[in-house]
Amino acid sequence: MSDGGSEIEETEVYHPAVADENCGADANRALDAGEIGRLRVVLENLEALEQMLHTLIRDQTNLAEAVAAFATRTERHQNQNMDEIKANQTLLH
């Protein structure tokens, strides 16, 4: 294969219009070592992304729970302060 041939092959493999035309002819051919290597890299990257996504979802859930707990405590403190202010206002009048 020449360098020009490699470019044509990559175009044939990755260009959507050409890939659709050649789908029937190439659908059952065995993958070569380079293609298998690229697929492994893609799968590893997808697995890493999936793990990151799970971590982000877990962190987001933990953060949302912490914010909700903080909001509940804050509201409780505000209500206690308001009750104390009302009691003090009653004493002043």
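What distance in nm separates the two pseudo spin-label positions at Asn62 and Lys86, each 7 Å out from Cα along the beta-carbon direction?
The answer from the label model is 3.9 nm.
Answer rounded, prolate or oblate for segment 45-93, using the Cα gyration tensor with square roots of eigenvalues a ≥ b ≥ c: rounded when a/c is under 1.5, else prolate when a/b is larger than b/c, else oblate.
Verdict is prolate for segment 45-93.
Bear in mind these aren't lab numbers, they're just calculated from the coordinates by the rules spelled out. This structure is a prediction, so every number in the text was calculated from the model and none was measured. So basically every Cβ, Gly included, is an ideal-geometry build from the backbone, and we count neighbours across all protein chains shown.
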